[in-house]
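The next block holds one structure in the form of structure tokens; read it before the comments.
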């Protein structure tokens, strides 16, 4: 799931969207290859886009969260630490663990939830 607060609405609403690779990728293949990024063992996913392009996603399950890349490429398997395509290559250079208070990341209890 992906959540964000839509502040353009009055009052603001919490938008909940189920993530699906099907919209962006025609075929996703898990490869046997691994790669070390920042000391984390990353597994390899190859995504073939409907438009014909190909991306290699490197993700780790060693971190206690699931998260995507800064450009919105994600997997529900772990944290994306690397991404390769014919146009660019992205590799994470650091991970910071910062304590965050619940009230900083939880929406108000009375906020309306809109599902997409």
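The values are calculated or read from the model by the stated rules, or taken from the named source; none is laboratory data. Bear in mind that the values here come from a model prediction, so they are computed numbers and not experimental data. Every residue, glycine as well, gets a Cβ built from its backbone with ideal geometry; the counts of neighbours run over all protein chains shown.
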Notebook entry, point to check: Only one residue in 65, 28 is more than 17 Å from residue 93 (Cβ to Cβ) and touching a helix residue (DSSP H, G or I) at 6+ places or on another chain (Cβ under 8 Å), so which one is that?
Noted result: 28
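Every residue, every condition in (1) modelled with pLDDT of 80 or more; (2) in a strand (DSSP E or B); (3) surrounded by fewer than 12 Cβ atoms within 10 Å (Cβ to Cβ), yes or no:
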| position | (1), (2), (3) |
| --- | --- |
| 3 | no, yes, yes |
| 8 | yes, no, yes |
| 14 | yes, yes, no |
| 27 | no, yes, yes |
| 46 | yes, yes, no |
| 63 | yes, no, no |
Checklist line | Matching residues in the range 48-61 - criterion: being in a strand (DSSP E or B), surrounded by fewer than 16 Cβ atoms within 10 Å (Cβ to Cβ) and at pLDDT 80 or above | finding: 48, 54
Check: Out of all the residues in the range 98-107, is one or more over 21 Å from residue 4 (Cβ atoms), in contact with a strand residue (DSSP E or B) (Cβ under 6 Å, 6 or more places away or on another chain) and surrounded by 14 or more Cβ atoms within 10 Å (Cβ to Cβ)?
Finding: no
Check: Restricting attention to the range 65-88, which residues are loosely packed, with under 10 Cβ neighbours inside 10 Å and at pLDDT 85 or above?
Finding: 86, 87, 88
Margin query: With the requirement that a residue be outside any strand (DSSP E or B) and touching a residue at least 12 places away in the same chain (Cβ under 8 Å), what does the range 29-44 give you?
Written below: 38
Checklist line | Residue selected from the range 16-25 under the condition in a strand (DSSP E or B) and over 22 Å from residue 85 (Cβ atoms), by the criterion modelled with the lowest pLDDT | finding: 17
